[in-house]
Structure formats: C-alpha cells, structure tokens
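The values are calculated or read from the model by the stated rules, or taken from the named source; none is laboratory data. Predicted, not measured: the structure shown is a model, and the values here were computed from it. Glycine gets a Cβ as well: all are built from the backbone with ideal geometry, and neighbour counts include every protein chain shown.
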C-alpha cells in the first residue's frame, strides 16, 4: 500500500458474531474527516432504523482522526459513536475520551475500529499493528476497569493502551462508560460493549503517523500554536494578578502562580509565574486540583496529567490516603464532573458542612474511584439530581420494596458520610434492585417512577431537554441564545465548548465583544452575562460556528476543551488567537489543501448528517417540536423579572423560537421544522442521504 | 538556543575525571530519580583513555515533573525523522506511562505509572561510558563519538539497520526504524535537544556533568 499521510489509511472491522476480522480503506470516508464524521457516516450506512442499542445489529465505532497521533497539541481524543441507550428514542450519539488510546490506534495503523455483531461469550480484542485477534475474556469478566487494564497489559506488554468496560458495562447499565488511562471516560456507550460481550480492546502500535508537509514548517506551526495556547479551556487570563498580565479573572483555570505547588510531589513542584512566552511552564498553568477542590488539594496534588500530546494538563492526580480505608488505591485522577458528580449524589451535603472541605474531597475522590472502576456514567451530573428528586419527593419509599429500602444506608446519606457512595455505586453497577433504575437515565427512570411535571419545570433538577432527558451543559447561562441553541441540537447533553471557552476566557467583556465582532460579524453576537438582548443573526452565526468547530474537533480529533484558538494570552496580539490553525495543521499533515472555509464546510456536512440521522431515527421532520424543546424553567425563572433585563439569564419563548428559525436558516435547514433540506444535503455532498430521506418521506 | 549559547554550554562542562570522582563517592544517600541512578550506575570509574571520551553533557529527566504528555516523543521524531513515531523516539515515556518500567506488578497501585503512584519515568539515552555497548555491538562501526560533544551518534551512511546496537543497549534506548532500516539513537539534536526545549513542565534538561553534580549536592534532587 502507498504511504499514507495524516490518516493511517485503514479501518479495522471486527464482527464478533462471525469472528471475521477485516480491513478496509479509509479513503472512501475522507469527506467526513475522521472520528465523529466516520462514526456517523458508518452508522448511517450500516445500522438500520429501529435497531436498539443492545441489539447485535447495533455497531460501535472507535474513531481517530487525521491529526490524532501527530503530536500536535491537544490531539489525544478518542471518539466513540453508537446508539445511546439512555436516550428515549435510542438516538445516535458520540461519546469521547481523552488519554492515549486513539493515538495508539493510529500507531497501529487504524483510523477507526468498527465493532459489529455480538459474541456469545466474554472476549477482548487484541491489536498489535496488523495482527488482530479475538481473545477469551472469561478471566477478565467481572473485573473493574483498573484490574482489567493491568491484566490486558500483562498479556500484551508495555506500550499497550486499553479501552475497557467495568461491571456497569458488562451488566448493560444505560449509564455506563468506556474507560481508558484510569481517568478518561466516554459516557453512555459502555453497555453496548457489554451487550457484545466485548470486555476490552488492547492496542499496541509501532508505526509512524506520516505527514505530507515539510517537517520544519510543521515544527514552526507547532511553535506558533504553542504561543497562542492558554490554560485549560483556553482560558487566556490568569486567575490572580501576575507580573506579566494586564488582566486577571478569578474564574480562570490559569491558576499557576508563585507559591502555588504540586504540593504532593517529592519535592513539591512550584507552578510559578507561567509567563505565556515560556514554553516550559505551559503544563504548570493549570493547577486543577486546587481549582476543583479548593486549597486543601494543593498538598495532595502529586502532579497534573492528561492526554497524549497535550501540553495543558487538566487532570489533577491526587494522593488521598484515606481512600485506602475503602479498599481503593490512594492515588486517583480526574477533572471537573468526574469529581463533582459523586458530590451531586450526596444530596444532603458532607458531614462537616463544607462544600470544599476534607470530607468533600474524600467523597469526591472516593466517588471517582468507584465510578471509574465500575465504569458508571453520571449523565453529566444528572444521576444525582434524578436521585434527589426521587428521594426528596418520597418516591423511593413508594417504589422500592420495603426490604430493599431498609437495606440502603440512608443514615450515611443524611449524615453526609462518603461511605454512602460505596453502597450507591455498587447497586447501580450491578443493577441491584429497584434503585438501580437510576442507572437508566433521567428519561427512563422519570417515566418508570412517574415523576411529576415539576421535575422538568423546576430549575433545581437542571433538565434541559424534557424530550431527550439530558441536562444543562453550558446552555442559556453561557452566551444567552447561543448556548441555548447549542444545547438543543444534540441527542445528549451538548459537549460543545467552543462558546464557553470564549466567554470563560477571563478577558473583559468589552474586549470579548470586540473580538466576537471580528469573528462572527458583530459585537452583538455576544451578550453581557445576565444582561441579555433579543436574538439576532450574529448569535445564530456564533452558535453555528461553535457547533461546526466542535464536530470538526471530534472528527480531527482535537480537544474542544482547548480548541479552537479564537483567543490567545498575548497582549501584543490584542489577545487575538488564530482560527485557521486546524486547517493549516491538516493541510500539512495530509498534503490536501484545506482552507479554513473548506474545513468548516466539512464540519457542516458532519453536523447535518447528525441531524439527518436524528430525523431518520425519529421518523419525523418536525425537529422544532419533537426534538429541540427546552425545559420551562429556562423561561419561567425569576418570575418577577422580564427577559432581557439586567440580572437574569432567563430566556423568552417567542424569542427562542425566532432563535431556532435563524439557526436553521444559517444551517440551510428548513426554517419551519429544522430538518435538513434536499438542497442543503446536495450542497454538502450528501445526495444519497437526501435520496434515502426522500424515500422515507422525511424531507421538508 | 543560539550557536554561541550552544558553544557556551559545552564549555561549561566539567571534565570526565572530576565527574567520575563524584559519582563514585557521593551518590549513596542522595535522593535522585531512577533515571539518574541508572545513569550514574553506568559511569563507575575507569581512568583509561579510549576512543570514546565521556560525552560532555547529558539529557536527564525528572520523574517528579513529568506529567506524561509524551510531547517529547513526537517532537523528537518530527524534528529528526519528519514523522510522528513514538516507537523510534529517542526519549521513551510511553512504555513506562501506565505501569512503570517492567509493566504491571501484582500491587501495581503502589508502583510507578499512571495506574500506580502516578510517577512517570521518562527514559533518556545514557551516552554510556567506554566501552559503549551499542558502538561495540555495531558490525559496521557506525556509532562514534561526535567531536565537539562526545555524544554517541549513528553514522547513517554506515548503518544498515541490523539492530545489533538496539539489542545490546542495556537501557533499550535504540530502535531500528523499519521504514528506513536505520538505527535511531539520541544524539542530543547536536547539542540543543528539541524535546527539552518543548517540554511543557521542564522535566527534561540538558545538563553538563558539573551541574548534575552541583544540583544534586545542593538540592538533593535534580531540578528542584
């Protein structure tokens, strides 16, 4: 085979029913870039409507992209596409994990791995470059993800990277993860591997990722990009006053400063002043332990960690000795929701009454240990709010059999004792009793236990989409209608960070608005927080661009928690970043000339295919009314205040309908229904998709 | 690093005999990373003069600062080989990343690695003392000491990619590039290692012998 550039050139297909392992060429999918794009195209082509997530006919696609494994900054994401069991319509979604897995796929020569069919006994998949085999996993079944990874690595040797499920995935819990690298989880698709009896994929690759362009150009581009990079979430302003900084903002994740340490290192490592021009302290800018847990975490932070090729280290790696009392290693790593969601389950707070005290830190790290070893997903923190509703409304007393109810250590929950989590996660992971239906996700459990209307109308429960049962994730509180639109468009919580990275950058709002004007056509694309204005076309452009870049990143695969580099920490550039970087890297990697606009068009194609698949699965073109609805609390909060007055982030119903119309227009979708039009599908090179939808009478 | 700075760096290096005196007497009881220990172990004194004078400086790693991003691996090969290829990287982190050197132990939770006590150990070329195992093993006599720095480098004209050097390296720091059929060995990027320049946590440094000595005596640790 001729030398491949950027892409590895081949896709691996493994049929677990027949045991047939085959390879096919990547080239036929190149219009879909990689990762998410490949996943959606393959699912569209191969998984018939009406397939249920745990059916053998469902497939799961592990996707890398043309930039994965190249070593360019923040390129370590793995995209996983399949049907989502927790979605009430079983709609297609993609879940993602960081770590080192997808780079290892590339080094083994694979752009994607398609898993199809189902084994009748536990197996794991062994991939050593071109040598691929299905192995017996009877000795692994029943183990947690930590031991599974160790066992697979023992069998394969060093440089092995493993993606696997824990007991939750084995038991086909809807809210189950696929885990890699101890702290990286992809939410919602773990049960699908369980249904296929695929415990793990171990991968060892010794091949290169070739680039078509000149190496010195690549290195110069890398250095240039490194000059524009910020801290975690591309926050470009430090958290506290710094000698080099014009601005600071306490919301920023750029926490590095003199006197702040990785205090658990021996000897401690000082984060220091982290001048943005110093390449050797980029990884010290984000002391996420302190950001997530408060000052107590400083002395427990052994180091920061994260993904392959990423200089921004966003996972805090902590030593919490008391974890040993619960049978876990004292070493634990995670970030953000991985630590926060166990706190959400502790609905009565922590025993010392402190939100960021010692007990909270122990509880959050214990919860992270349990969830990551069992492989339990939190539905972006929603499982705790589902539990809160059921507990506080007295529903659990009614729906749980008395002996089960009495066996649950409620006293520990009421007392704020972290040990409650040990009991809770075990029940979820092993599907023990009625309580474990919390593991089905908000949609299913709210129906099963007959939750009241207030579950959807009270903002305490943070449901964003009553139809899809997913929560807020950088929604109306993030750039007004922009965040709201983004949150309506996916089939699970939106994992888009393009907009929140921009608004959370720490720069003064007037400067943000000025730069917004340059990128999206008018400063009015961005509202002042809690001082919103009615919808306008620039907000629609901002929302579209945010999603297009998000899906591109999930296809290339780059981290949308860092990319795009819309802003930079450099005063001398007026804090401007460079939005053409992705296309420049891709051009150098593949040798195919991509302009920024051409690459964005590919993103539009991928996202429109996502929409078309949703239309096909739901069997309706009426996306506006059947899919894109928003919970009432978003409009009814602050009842004494009107929308678009200072001090509230509530939205207006009529204005939001207009927002949907304007967004559909930007996408070239039908302005009434929000379904992709034939014209747009053809323009995006999706004629065959249009033909299929026409046959199904699903074109507007 | 400019040419002048580079030359200045090499001038600062101490002579071999001075370092060896130090390494023989004062290492015991000093807290150093595993990488440095293995480095020092390879340098017990012989005063004999040979065709392989000691390299005047070393790339050393600090496992306390390493956060496991492995940027060094791909920067090394992009810079020197024009591709991203951790397998042939002259700095090796990936193999120790999850479970530390030697892979998973039964009590892996307490051993090195991301699944263990979180210590990530980057392996660097030791630029071994004479007799240099890789050079000794090479049937083509393709490995020689570079004139200015003493760094042991592969003459790509002579190398036939037989892999004898890789098999004889006690630290498994040489890899044969199967595409090019050439041995890939650390040559310190001619005195200005790209991996160290771009390490986002300053976990890799090119250190003259004298400074290795001084740093350990002062701080009991490499880069503190």
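Here are some notes:
- Residues in the range A:218-260 that are touching a helix residue (DSSP H, G or I) at 6+ places or on another chain (Cβ under 7 Å), surrounded by fewer than 20 Cβ atoms within 10 Å (Cβ to Cβ) and within 11 Å of chain B (Cβ to nearest Cβ): A:219, A:221, A:226.
- Evaluation of residue A:280 against the conditions (1) surrounded by fewer than 17 Cβ atoms within 10 Å (Cβ to Cβ); (2) at pLDDT 95 or above shows that the sole unmet condition is (1).
- For residue A:697, the conditions (1) more than 28 Å from residue A:616 (Cα to Cα); (2) free of Cβ contacts under 8 Å to residues at least 24 places away in the same chain are fulfilled apart from (1).
- Answer residue from the range B:58-94, given it is more than 7 Å from chain A (Cβ to nearest Cβ) and in a loop (DSSP other than H, G, I, E, B) and is nearest to residue B:193 (Cα to Cα) among those: B:90
- Those helices (runs of 4 or more DSSP H) of the range A:113-217 in which 2 or more residues are surrounded by fewer than 24 Cβ atoms within 10 Å (Cβ to Cβ) and not assigned by TED's automatic domain parsing to the domain that holds residue A:426 occupy A:145-156.
- Of the residues making up the range B:117-140, those that are free of Cβ contacts under 8 Å to residues at least 60 places away in the same chain, touching a strand residue (DSSP E or B) at 6+ places or on another chain (Cβ under 9 Å) and surrounded by fewer than 22 Cβ atoms within 10 Å (Cβ to Cβ) number 3.
- Residue check for residue A:159: at the interface with chain B (Cβ under 8 Å from one of its Cβ atoms) and at positive phi: yes
- From A:119, A:75, residue being within 14 Å of another protein chain (Cβ to nearest Cβ) and farther than 30 Å from residue A:463 by Cα: A:75
- Flag for residue B:185 being away from chain A (no Cβ under 13 Å), touching a helix residue (DSSP H, G or I) at 6+ places or on another chain (Cβ under 8 Å), under 21 Å from residue B:82 (Cβ atoms) and at pLDDT 90 or above: yes
- Here residue A:85 qualifies as crowded, with 24+ Cβ neighbours inside 10 Å, touching a helix residue (DSSP H, G or I) at 6+ places or on another chain (Cβ under 7 Å) and touching a residue at least 60 places away in the same chain (Cβ under 8 Å).
- Note on the range B:188-204: among residues that are more than 11 Å from every other protein chain (Cβ to nearest Cβ) and assigned to a loop (DSSP other than H, G, I, E, B), the one that is farthest from the chain's Cα centre (by Cα) is B:192.
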